[in-house]
Amino acid sequence: MDIARIAVHESVAKACPLEAMVAALQGLGVPVEVVGDDATFDTSDCVVTFSPREAFLDAAWVHGIRAGYDEFDVDAYEAAGTVLTNSTGIHGDTVPETAVGYLTAFARRLHVYRDRQGDNDWTQEPYDAPFTLTGEQVCVAGLGTIGQGIADRADALGMEVVGVRRSGDPAENVERVYTPDELDAAVADARFVVLCCPLTVETEGMVDAALLAQMRADSYLVNVARGPVVVEDALLNALDDGTIAGAALDAHWEEPLPANHPLWDHESVIVTPHVAAFTNRYHEDIAALVQENIERIDRGKSLRNRVA
Ligand code: NAD
C-alpha cells in the first residue's frame, strides 16, 4: 500500500474541528485535504472519517475516528480489498471519567441539585437518598479499553468491581469476571451496571425486560456503548415502574434523541448527547493512530486496529 493523500471527510467535524484534525495530520509526509460527500477516491488514498460512505470503498484505507464501527459494512470492505481501521484504544480516560461522573452524580445527587438550581430551589434530598460509591458494586459489561478504565477508577474509589467479558478471563481490578451467558448473575447484586461493549449481533437487545428485572430496584444503568444494546421500551417501562432506580445514557437509539422523547423529562435519567469520549485533544489522539499506521505501512507491518 502506498498512501499519496490523506482525505479528511467533513463528517469528522462531528467529533472535532476539521482544521484541528488537518493540522494534526500535517507533517506525516503525506498531503492532507478536507473532502465532502462528492469526493472520489483511488487506491493511494487514506480516508479519515466519522461516518461511512460507499465511495470510500475505492480508497486503499479508511480510518474511522470512533471505537465502534457498527455503521461500517465490514463485509463490503473485505470484498473490495479496502483496509478499515477503527479508533479503539484512545478512550481509556475520557469515557471512564464520564462514567465515574454519572456514578458520582447518582450517589451524591448532583443531577438533582443541578436541576433545582435552575429554580433557585434549596430543597435538600431525603436522608436516605444520598449514598457513597465506596463499598457499592459496579458491574462493567465489556472489559476492553473503556471497561478496564472504568474498573480501575471504580476500584480506586473503593467500589467492588465485577465484569463481563467473552473469555471470562480475569481482569485487573475486577473481583469476579462473568461470561456473557452469565449476565443475569453478573448484574444481580450491582448498584450500577455499565455497558461498554461494542454493538454486535450478540449484544443488540442484550439489556431487555428480563435482564432489567434481574437488576436491583435501587440500581442504575449506564450506557456508554450504543443505544440498541438496550431495548428502548423495556428501559422506559423499567424506569416508570421502578424496576430500576435510574439511568445515564450517552448512547441512544436515534441520535439526536428526538425532542419529544420521554427520557428528556425523566427525573432519574441523565441524558448526554453522545459526548462521553469528547476531549479537546481528540484530534491529537486520532492523528497519533494514523501516524502509527502510516509508519507501519512504510515498514511493511500489519496495521493497528485493523477490522477489515
Ligand atoms: P474495545 O474493543 O477496547 O473493548 C470492547 C470489549 O467488549 C472487548 O474486550 C470485547 O471483547 C468486549 N465484548 C464484545 N462482546 C461482548 C459481550 N457480548 N459481552 C461483554 N463484552 C463483550 O472497545 P472500547 O474502546 O472499550 O469501546 C467499546 C465500545 O464503546 C465501542 O464499540 C463503542 O460502541 C462504545 N464507545 C462509545 C463511546 C461514546 O462516546 N459513548 C466512545 C467510544 C466507544
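The values are calculated or read from the model by the stated rules, or taken from the named source; none is laboratory data. If you're wondering where the values come from, they're calculated on a predicted model, not measured in any experiment. Cβ atoms come from the backbone with ideal geometry, glycine included; neighbour counts cover every protein chain shown. All accessible areas refer to the heavy atoms of the entire protein, side chains included, with ligands and DNA or RNA removed. Shrake-Rupley method; radii C 1.70, N 1.55, O 1.52, S 1.80 Å.
General remarks:
- Just one of the listed residues (49, 94, 98) is of a type in the set (Ser, Thr, Tyr), open to solvent by 30 Å² or more (accessible area, probe 1.4 Å), within 16 Å of the ligand (Cβ to nearest atom) and in contact (Cβ under 8 Å) with a residue 40 or more places away in the chain, and it is 98.
- When we screen 182, 175 for residues that are open to solvent by 60 Å² or more (accessible area, probe 1.4 Å) and within 16 Å of the ligand (Cβ to nearest atom), the only hit is 182.
- Some residue of the stretch 143-154 being assigned to a helix (DSSP H, G or I), at pLDDT 95 or above, away from the ligand (no atom under 13 Å from the Cβ) and open to solvent by less than 20 Å² (accessible area, probe 1.4 Å): yes
- If the condition is being away from the ligand (no atom under 16 Å from the Cβ) and in a loop (DSSP other than H, G, I, E, B), then the stretch 216-253 contributes 216, 217, 218, 219, 241, 242, 243, 244, 245.
- Each residue in the stretch 155-167 was checked for being open to solvent by 50 Å² or more (accessible area, probe 1.4 Å) and among the small types (Gly, Ala, Ser), and 2 pass.
- Among the residues of the stretch 101-125, those that are of a type in the set (D, E, K, R) and either in contact (Cβ under 8 Å) with a residue 60 or more places away in the chain or open to solvent by less than 50 Å² (accessible area, probe 1.4 Å) (or both) comprise 109, 115, 116, 125.
- Residue that is of a type in the set (Val, Ile, Thr) and free of Cβ contacts under 8 Å to residues at least 24 places away in the same chain, where the choices are 22, 8, 34, 83: 22
- Filter result (surrounded by fewer than 17 Cβ atoms within 10 Å (Cβ to Cβ) and not in a loop (DSSP other than H, G, I, E, B)) within the stretch 4-18: 10, 13, 14, 18
- Output for the stretch 237-287, where each listed residue is touching a His at 6+ places or on another chain (Cβ under 9 Å), open to solvent by 90 Å² or more (accessible area, probe 1.4 Å) and free of Cβ contacts under 8 Å to residues at least 24 places away in the same chain: 240, 256, 273
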